[in-house]
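*Asks:* After the structure tokens below, expect a handful of questions from me.
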Protein chains: 2
Amino acid sequence: MLISDFRIHSLAFADPPLFAASGLHAPLALRTVIELEGADGTIGLAETHGGSVPAEALEAVRADVIGQDARSVALKLVGKAQNMALSAIDVAALDLMGKVTGQPVWALLGGKLRERIPFSAYAFYKLEDDWSGFSRAMDPAGMLAQVQKLIADYGFGSVKLKAGVLDPEIEIESLKLLRRTLGPDVPLRIDPNAAWSVETSLSAGRELVEELSNGGYFEDPTRGMAGMAEVRKRLLSEGIDTPLATNMVVVSYPTLAESVPLDAVQVVLGDHHYWGGLRATVELGRVCQTFGLGLSMHSNSHLGISLMAMVHAAAATSHLSYACDTHYPWQRAEDEICAEGRIPITDGCVTVPDAPGLGVTLNPDVLARLKENYARCGMTRRDDAAEMRKHIDPNWQYVCPRW
Amino acid sequence: MLISDFRIHSLAFADPPLFAASGLHAPLALRTVIELEGADGTIGLAETHGGSVPAEALEAVRADVIGQDARSVALKLVGKAQNMALSAIDVAALDLMGKVTGQPVWALLGGKLRERIPFSAYAFYKLEDDWSGFSRAMDPAGMLAQVQKLIADYGFGSVKLKAGVLDPEIEIESLKLLRRTLGPDVPLRIDPNAAWSVETSLSAGRELVEELSNGGYFEDPTRGMAGMAEVRKRLLSEGIDTPLATNMVVVSYPTLAESVPLDAVQVVLGDHHYWGGLRATVELGRVCQTFGLGLSMHSNSHLGISLMAMVHAAAATSHLSYACDTHYPWQRAEDEICAEGRIPITDGCVTVPDAPGLGVTLNPDVLARLKENYARCGMTRRDDAAEMRKHIDPNWQYVCPRW
């Protein structure tokens, strides 16, 4: 199927005031949706990072997309396009070819190993807002209440705590409170996004041995490949084999190759948005399996197209060893751009669809509204630090490590 | 598409008297063809190793194949079936789904990067036969004549010499004669199948620096991962960086992982028949690329179904860095089981088909004849040593290394 049109939509939608090491989420999150239209009018969709830089990277490959065979277009962009642009084209081309052939994307990725994809509750320290239904959470008790609501609403069976925000002692106590309250069988993860020094990471690693055992992991406690390798080596030397996970130091095949001899990480968080697309994510599973690494899945604030793309990749990845991350509970139902409406998460899982392509189509009214949001908001990139300075501390600066 | 029937055909077809370190090819080569029939009557094909062991391994997965969804059947066999059986099911299921959706297999593997797949001339020391059109070749001049005929008939642009048969001096002189006659631009490979000791490999590696440069490689000179690593290390220490290739020590993902820190090989010869199928072969390309290894493709005596499967995998593999091996010129046109007839190799290349599936279907008359051959021949496994004892030396034994 030849590609006859390529449309790039920059969107903005409501996002609650969530904290991370990078600062505070702005009230609007940015996202880009693309449409690849085939010569027969079939439309393939993908969703990726928002703002001007991704939109420009996508625009830059227009000449390599229009008029190309949708079956090979992404493969021919490998090494030529930025990985983010390549990834979006890969997803949209797979959606298009799935719709053309009547096959779900998972069938084009090699098959479906599971009917339901488990996701993890993704808990954030946050300010109050008037719409998300989640309260302010700036201490262990607030965090526990948030996690309990996430579990009550969605049935999540594992929990990730976004850390690197408050004093490490508070974050450690938050995780300990989760363990005490939720019991021993819920896998827990903590992710300070490299906000901790090697020494702080080591002391946290020692304090959280029990909390991070039983299917959990310690995600990006500290900065850089060497720092991660040092944390791993020193914890192991003390008999602590909590797996270190990352979406910061292993972000590509070359960095994966670099990490293997260093044993810098034991779990890779794949993300089809920057690893090269859905096939590359399935291949990442094979590479991780070959080298004895676990595989999980990373998320940014996203809508239903990305969620479904994650679901199809997860369905086809034999080695996916952990529940996937998702920000989906933090988005509003009315901002869902999929015509099929908000995608249900029940018992912590999304059901793998058998409908053609990704299984979703665009709601043109919501698309138009979110494009209008983008045009009006004046933001062209995510800037959590600016939001932090606006609401918390006018002198706030991103520093790494902070503790 | 649910799989309603699974047929396994054991075949035998004419094979000329070619020598390798394992002995001498028998007059009949064994091969297995499978058919997966979908509920709508569509038939998916695959071809794999012959004789009773592969047929039994395939029979053993019958209950995991019949009634399954063709889109996921192979993925669900990973880790459960022998790789050879898994691989055949993967190919046949892809052919079936390609035919059901009207898509070539390359489209189901991620796309087509090239229109024509280059193959290498595969030259063997051989006895006289009365049908292949190739003369006896038991010295450098005979080998040169064979290679020249292979190039004249098929246009091959690179040459692989199967060694480990005659005294290494004769084999080295054969390769030198090829280089002198063919000029500097034809990549040459030599493959003694581990018949050489480390010391013999080192002296051959020193003598063949020029012959194996410019896109060539030194394939499996010696036995075992440690032996290969030693040859590599010592040649490198002398400033000789001829890449070592293998289809003997790296034959699976675990052995690949083992080889990387040892730098035991620099080129992996993939083979979809035992690496887990076509998707696994494409994934192998990614793993090799990640770890800086080259990728080529291995062959055994085969018919057109395997050739087309190799072509589709090669079309979709971005990192395939060498022309593929093929025994196809050694088979008779009248033994071709594909209804489309013998597949043309011109300018050393096979054109990637755009027809649905692999692009071939069965010729029932040839299939019946080759099944009859198998039933009558009494052979149930390849035994090059027995053939060697019959024709060359009644006391011949396989030894490794021989020189």
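*Asks:* Residue B:4 is checked against (1) open to solvent by 50 Å² or more (accessible area, probe 1.4 Å); (2) hydroxyl-bearing (Ser, Thr, Tyr); (3) assigned to a helix (DSSP H, G or I) and fails just one. What number does that condition carry?
*Replies:* Tallying (1) open to solvent by 50 Å² or more (accessible area, probe 1.4 Å); (2) hydroxyl-bearing (Ser, Thr, Tyr); (3) assigned to a helix (DSSP H, G or I), residue B:4 fails exactly one: (3).
*Asks:* Residue A:250: open to solvent by less than 10 Å² (accessible area, probe 1.4 Å) and touching a Phe, Trp or Tyr at 6+ places or on another chain (Cβ under 9 Å), yes or no?
*Replies:* For residue A:250, the condition - open to solvent by less than 10 Å² (accessible area, probe 1.4 Å) and touching a Phe, Trp or Tyr at 6+ places or on another chain (Cβ under 9 Å) - is not met.
*Asks:* In segment B:31-78, what count of residues is obtained for those that are among the acidic types (Asp, Glu) and within 14 Å of another protein chain (Cβ to nearest Cβ)?
*Replies:* Initially, segment B:31-78 is screened for residues among the acidic types (Asp, Glu), giving B:35, B:37, B:40, B:47, B:56, B:59, B:64, B:69.
From what's left, within 14 Å of another protein chain (Cβ to nearest Cβ): B:40, B:64, B:69.
Residues in segment B:31-78 being among the acidic types (Asp, Glu) and within 14 Å of another protein chain (Cβ to nearest Cβ): 3 in total.
*Asks:* Output the residues belonging to segment A:138-147 that are more than 19 Å from the chain's Cα centre (by Cα) and within 16 Å of residue A:330 (Cβ to Cβ).
*Replies:* A:142, A:143, A:145, A:146
*Asks:* Within segment A:340-394, how many residues turn out to be acidic (Asp, Glu), touching a residue at least 40 places away in the same chain (Cβ under 8 Å) and part of a helix (DSSP H, G or I)?
*Replies:* Final tally of qualifying residues: 2.
*Asks:* Anything in segment B:36-70 that is of a type in the set (A, V, I, L, M), surrounded by 15 or more Cβ atoms within 10 Å (Cβ to Cβ) and either within 21 Å of residue A:112 (Cα to Cα) or in contact with a strand residue (DSSP E or B) (Cβ under 7 Å, 6 or more places away or on another chain) (or both)? List them, or say none.
*Replies:* B:36, B:43, B:45, B:46, B:55, B:58, B:61, B:65, B:66, B:70, listed by residue number.
*Asks:* Continuing with this model, one more query. Is it fair to say residue A:352 is over 19 Å from residue A:32 (Cα atoms) and in contact with a Pro (Cβ under 9 Å, 6 or more places away or on another chain)?
*Replies:* Answer is yes for this residue.
*Asks:* For segment B:278-300, which positions are more than 9 Å from chain A (Cβ to nearest Cβ) and either over 24 Å from residue B:57 (Cβ atoms) or surrounded by 24 or more Cβ atoms within 10 Å (Cβ to Cβ) (or both)?
*Replies:* B:278, B:281, B:288, B:293, B:294, B:295, B:296, B:297
*Asks:* Residues of segment B:260-277 being of a type in the set (A, V, I, L, M, F, W, C) and open to solvent by 20 Å² or more (accessible area, probe 1.4 Å), which ones?
*Replies:* Within segment B:260-277, B:260, B:262 meet the criteria.
*Asks:* Let me ask something else about it. Is it fair to say residue A:76 is open to solvent by less than 40 Å² (accessible area, probe 1.4 Å) and either within 23 Å of the chain's Cα centre (by Cα) or within 18 Å of residue A:281 (Cα to Cα) (or both)?
*Replies:* no
*Asks:* Buried (at least 22 other Cβ atoms within 10 Å of the Cβ), out of contact with any strand residue (DSSP E or B) (no Cβ under 7 Å at 6 or more places or on another chain) and more than 14 Å from chain B (Cβ to nearest Cβ), is that true of residue A:322?
*Replies:* Against the criterion (buried (at least 22 other Cβ atoms within 10 Å of the Cβ), out of contact with any strand residue (DSSP E or B) (no Cβ under 7 Å at 6 or more places or on another chain) and more than 14 Å from chain B (Cβ to nearest Cβ)), residue A:322 does not qualify.
*Asks:* Residue check, residue B:201 against (1) surrounded by fewer than 24 Cβ atoms within 10 Å (Cβ to Cβ); (2) of a type outside the set (A, V, I, L, M); (3) part of a helix (DSSP H, G or I), all met but one. Which one?
*Replies:* (1)
The values are calculated or read from the model by the stated rules, or taken from the named source; none is laboratory data. A quick note: this is a predicted structure, and the numbers were derived from the prediction, not measured. A quick note on method: Cβ atoms are made from the backbone with ideal geometry, for glycine too, and the neighbour counts reach across all protein chains shown. The accessibility values were calculated without ligands, DNA or RNA, using every heavy atom of the protein model including side chains. Shrake-Rupley method; radii C 1.70, N 1.55, O 1.52, S 1.80 Å.
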